[in-house]
Amino acid sequence: MLIIVLLASTLSVSAILGLYIARMISYELQPLEKRLAKLERKLNKTLGLGAGHEMTWKEYFIALVLTNFIAAAFVFILLVLQGIMPFGKEGFSIDLAFSTAASLITNTDIQHYAGEQLSPFSQMLAITYVMFVAPASGICAAFAFIRAFIRKNFGLGNFYMDFARVILTLLLPIALISSVLFMALGVPQTLDASVTAKTLEGNEQIIATGPVASLESIKHLGSNGGGFFEANSAHPFENPNGLTNLYSMVLMLVIPLAFPIAYGRLLGRGRGVSILITLLLGFGALLVLALSAESGPSGLETRFGNFGSIIFNVVSISTNTGTVNAPLSAMSPNAISSLLLAMFIQAVPGADGTGIMYIVIYIILTLFIVGLMVGKTPEFMSMKISPRDIKLAVLIFIIHPILILVPSVIAFTTGNAQALIGNKITPLSFTKVFYEYTSAAANNGSDYFGVLANTPFWNNSTALVMLLGRYVPIALMLAIAGSFTVKERKEIVEPIKTQGAIFIITILVVTFLLTVLTFFPFLAIGPWSL
């Protein structure tokens, strides 16, 4: 019943949201949105950008990175100087501030700090603020990427225009409504950093609190995942009951599942429905694997139990959100394998914006492989896929395992891994290190170590992996988009139609084979050996 309610409610909202996202991609404005367009034109004029200024893929990417860099620098300064800010608490070290800023701006939100170390001021400005910037950047990149297939000899749009519209008309309204709903369901929202309560023994206990509901709403909606408290969504203030647990999952899924609907609205309903079914089948396979063995009982919250914890964590990791309502140490080996597979693929359904981009990359790779098998030049959307496109797509796929395996080897050979896991390397200890860098490279954010990884090596290494794992694939994807904007569009028979049952089966099989062939040895010596 929980799965039925979750999918029914999510798909209902995603269908409406997908149509709106399609209008945003094509700049089709409804009457109410036209008023916002006037404000946007003034903003563009202030920035020196004409209302019709179209960016190339390089301009779009530079604008995205520049905006993100400014936001990250703001967060870094705020965390280092937290002690002199309102509600002051001790400032972060340079390496921890760098790691946290990189984590937030890359939509990763891996936490080598406890949320309780932050003041309400920092939670609002350093955390909640960037939780809008990071997903908005990913969504904008997806807008530009999709436009490449619907417009010829034209730019990919204007990043600043897309960025403002995504935040003001998509993320902010939904987050505001969700904050009120979370408050009604028992999530606190206050500027008080703590409250004092009497225990049953008559002693006083100081309980940390703050503006939790506002952070929780964008945390889930924006594929962020960073928790207000160290316990993340296992904390009763962040996730008090079954209703908040369900609504959090809806928020995590709604935008990733809206993009295939928007894709279908712009490029053909059959294509969009086929991608949506592919994502749901892939997600279903991950869920079946995770549920094939019981997790816990130690470490699981009694509010959710085995099923509620597993489905929440699978939804979270598969959408690259990374929040958890039960620690990874409580998950079964099958559940951990499922979570790792989700991070390897990054497209079932993936994060806000980047998920749809990754699935299109898998489609391009599939068409290339099938084209080799049938002896035809690969075609996509009536456009030839060039050797350069294939090289870029392969590089996008290969960069992920490189960013996982190379740092893992360095961590073990330098002894920094053993400093956390002990000198005896077991399947579990290997899994913990391997999972840390998998989460960082996938911009996911879930991990085993938490505050234990607050050392210069782990802060700096994971920060570097997060930055490369975020911006290198986006740059390569936008480069592919730039290539498609100038291609000839002819009615040429594709090696395989990008819709229908055969396409769905083929894309699932190819994606599974590519993932397993790349990562099988590490699953075999890690979670499969537990």
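The figures follow:
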item: Selection from Ile139, Thr321, Leu246 lying farthest towards where the dipole of the chain points positive, charges on Cβ; result: Ile139
item: Neighbour cut-off at most 10 other Cβ (10 Å), DSSP loop, GluC sites (Glu not before Pro), segment 119-222; result: Glu201
item: Semi-axis lengths, Å, the chain, gyration tensor of Cα atoms, sqrt of 5 times eigenvalues; result: 35, 28, 22
item: Rounded Å value of the spacing that divides the Cα centres of segment 466-483 and segment 365-395; result: 18
item: Under 14 Å, Cβ to Cβ, from Phe312 - net charge with Lys/Arg +1 and Asp/Glu -1; result: -1
item: Whole-Å distance, taken between Cα centres, linking segment 493-530 and segment 198-240; result: 38
item: Most positive-pole-ward Cα, Leu171, Phe237, Tyr60, against dipole of the chain from beta carbon charges; result: Tyr60
item: Theoretical gain in end-to-end length, Asp192 to Glu28 [0.36 nm per residue, Cα-Cα removed]; result: 54.7 nm
item: Per-residue HN-Hα couplings for segment 343-359 [Karplus 6.51, -1.76, 1.60; θ = phi - 60°; Hz; x = Gly/Pro]; result: 6, 5, 7, 6, 9, 10, x, x, 7, 4, x, 5, x, 5, 5, 5, 5
item: Gained length - Phe87 relative to Trp528, 0.36 nm times residue gap less alpha-carbon distance; result: 154.1 nm
item: Cβ charges +1 (Lys, Arg) and -1 (Asp, Glu), total dipole of the chain, debye; result: 1920
item: Largest to smallest principal axis extent of the C-alpha atoms in segment 211-298, angstrom; result: 44, 35, 19
item: Karplus 3J(HN,Hα) series, Hz, for segment 440-447 with 6.51 cos²θ - 1.76 cosθ + 1.60 (x for Gly, Pro); result: 5, 5, 8, 6, 9, x, 6, 6
item: Net charge over other residues, Cβ less than 13 angstrom from the Cβ of Thr244 (K, R count +1; D, E count -1); result: -1
item: MRE, 222 nm, helices only [DSSP H, n ≥ 4, -39500 (n - 2.57), over the chain, to nearest 500]; result: -20500 deg cm²/dmol
item: Debye equation applied to the C-alpha atoms of segment 387-530, log10 I(q)/I(0) at 0.09, 0.15 Å⁻¹; result: -0.39, -0.87
item: Within-14-Å neighbourhood charge of Leu104 [Cβ basis; K, R +1; D, E -1]; result: +1
item: Charge dipole of the chain about the Cα centre (unit charges at C-beta), most positive-ward option of Gly226, Ile425, Gly115; result: Gly226
item: Two-site label geometry, Val486 and Thr302: point separation in nm, points 7 Å out along Cα→Cβ; result: 6.6
item: Computed FRET value (nearest 0.05) for Arg269 with Ile410, which takes r as the C-beta separation and R₀ as 60 Å; result: 0.80
item: Angstrom value of the Kirkwood radius, inverse mean 1/r, which spans all Cα pairs in segment 179-258; result: 13.3
item: For segment 290-347 versus segment 91-153, the gap between their alpha-carbon centres in whole angstrom; result: 23
item: Neighbour-count order for His220, His53, fewest beta carbons within 10 angstrom listed first; result: His53, His220
item: Cα pair distances of segment 307-355 binned at 10 Å [whole percent]; result: 31, 56, 14, 0
item: Given charges at beta-carbon only (K, R positive; D, E negative), |dipole| of segment 137-227 in Debye; result: 720
item: Relative exposure of Lys391, Lys89, judged by other C-beta atoms within 10 Å (fewest first); result: Lys391, Lys89
item: Residue order, fewest to most surrounding Cβ atoms within 10 angstrom, among Thr431, Thr485; result: Thr485, Thr431
item: Alpha carbon convex hull of segment 377-447, volume per residue in cubic angstrom; result: 115
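Any read-out appearing in this document is the output of simple, stated calculations on the displayed coordinates, not a laboratory observation. Note that the structure is a prediction, hence the values are computed from the model and not measured. Heads up, the Cβs are rebuilt from the backbone with ideal geometry, glycines too, and the neighbour counts pull from every protein chain shown.
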